[in-house]
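We did not get these values from a lab; they are worked out from the coordinates using the rules stated. Just so you know, these numbers come straight off a predicted model, no measurement behind them. Using ideal geometry, Cβ is built from the backbone for each residue, glycine included, and neighbour counts are taken over all protein chains shown.
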Amino acid sequence: MEHSKYNMINNAPEEDPNSRYYEYQVITYPAGRDTQFPTVGTGLEQFLPLLPIDKLLVSLNEGGTPISQFKSYGAAHKLTNLWVKHEEINPTGCFKDRESAIVISAAMEKGIQVVHVASSGNAALSTAAYAQKAGIKCMCYVPQKTSDEKKTLIRLFGAELILVEGSYEDVYRHLVELDPLGWNVTTGQNAYRTEGDKTIAFEIWDQLGVPDVILVPCGNGGCLAGIWKGFRELYSLGKITSLPQMIAVQIKGAAPLSKALEEGSDYSILPQIADSIAEGIVALESYSSPQAILALQESGGKVIQVTDDEIMFALKQVIKLESLVTEPTSAAVFAAVPKLAVDPESKVLCINTGSGMKFLQEIAAILAKSKDD
């Protein structure tokens, strides 16, 4: 399909972060710690040499999230080396905080006073939190059906909430067509978000090395694209000699990345989709599809589609076996684990993108309807 203002990052700032010159040659490493990433601070600050901002001007202590081994869940699915990156530990309970720290810091550097974001919930509340901290007005556009818990948090963080009827795609297009005064910081419209996501890769390398396989829940596909970008940069630095296989996890019947791969395209729009409990990755089209498809192709990756029943079962298992309460969107990666065709000893990493603590009532209702173990 022909690219348009909807599916390209055409709202890049004057200095596109994807073309910024990174001074790789001046990076130094502590004596005896050649595998440690250069440290100039804590959290995301340690990655400033590879980020398109001069300083982290706003932070809520995001990043530095732990990795743990899921032995029981791995054993249940005949995997001996299953790991989880806990992005739910971030300040607003989601990986989006990495993106928000970078994009709002960039807004501060440029003197921007108003930012706009289209979101199914998590990106909006994260952007609202960081914008409030920075003293920047935040306009959040979300679907009317977004969970009440997320709407409440967005308002608590001082943002103006605009509810739009329809799907996430309706919200996204509404904002792009509106072209309001200020800066659109939505995934797929602003390259700085990808730069935040790539810091996940830097931390994975430092904590675990290079996994054989990384599973990422994908709506827009920006998180997967960012993680792959981070590993590619580590490879170009000569810090790693292998790269992971990237797996995009999408909802069955709402997997535009899968359709794009089948068609040999980098972008596809589905004619219609069913709703899902995984509201964050229900996608008619993935606005970061060109970057995500490139990551899948370069890594020899693929898309795994999961159903709501599979997500509910996985959510129940993860709570029971690992005491992790994840949001249904994130539980999609655990639902994909049984569908992996890999060596049982492969180092497999799931990205747990968000916490379930933000909507416990919804999770309780889901589990009440789920099938028995």
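Subtract the Cα-Cα distance of LYS252 and ILE319 from 0.36 nm times their separation in residues, and report this length gain in nm to one decimal.
My answer for the length gained is 21.8 nm.
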Could you name the lysines whose alpha carbon sits less than 25 Å from that of LYS55, not counting residues in the same chain fewer than 8 places away? LYS96, LYS110, LYS133, LYS137, LYS198, LYS229, LYS239
For the chain: relative contact order, % (alpha-carbon pairs under 8 angstrom, 6 or more apart): 18
I need the fraction of alpha carbon pairs in the range 96-184 separated by more than 23 Å, rounded to a whole percent. 15
Between the range 223-269 and the range 309-369, the Cα center-to-center distance that results, in Å: 21
Among 127-136, 240-249, 95-104, how do they line up by average Cβ neighbours within 10 Å per residue, starting with the highest? 95-104, 127-136, 240-249
Highest to lowest packing among 73-82, 185-194, scored as the average C-beta count within 10 Å: 185-194, 73-82
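Expressed in nm to one decimal, what extension gain is obtained for the pair LEU243 and LEU48 from 0.36 nm per residue of sequence separation less their Cα-Cα distance? Spell out each step's value before the answer.
On the way: separation 195, 0.36 × 195 = 70.20 nm, distance 2.25 nm.
Between LEU243 and LEU48, full extension yields 68.0 nm more.
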Using a Cα-Cα cut-off of under 14 Å, which aspartates and glutamates could be cross-linked to LYS347, ignoring same-chain neighbours fewer than 8 residues away? ASP212
For the range 310-373, run through the GluC sites (Glu not before Pro) and keep only the ones in DSSP coil with at most 16 other Cβ atoms within 10 Å of their Cβ. GLU345
Once every DSSP H run of n ≥ 4 in the chain is given -39500 (n - 2.57) and the sum is divided by its residues, what mean residue ellipticity at 222 nm do you get, rounded to the nearest 500 deg cm²/dmol? -11500 deg cm²/dmol
Suppose every Lys and Arg Cβ carries +1 and every Asp and Glu Cβ carries -1, with no other charges. What dipole size does the range 96-184 come out with about its Cα centre, to the nearest 20 debye? 280
Subtracting the Cα-Cα distance from 0.36 nm times the residue separation, let me have the gained length for ALA364 to LEU156 in nm, one decimal. 72.5 nm
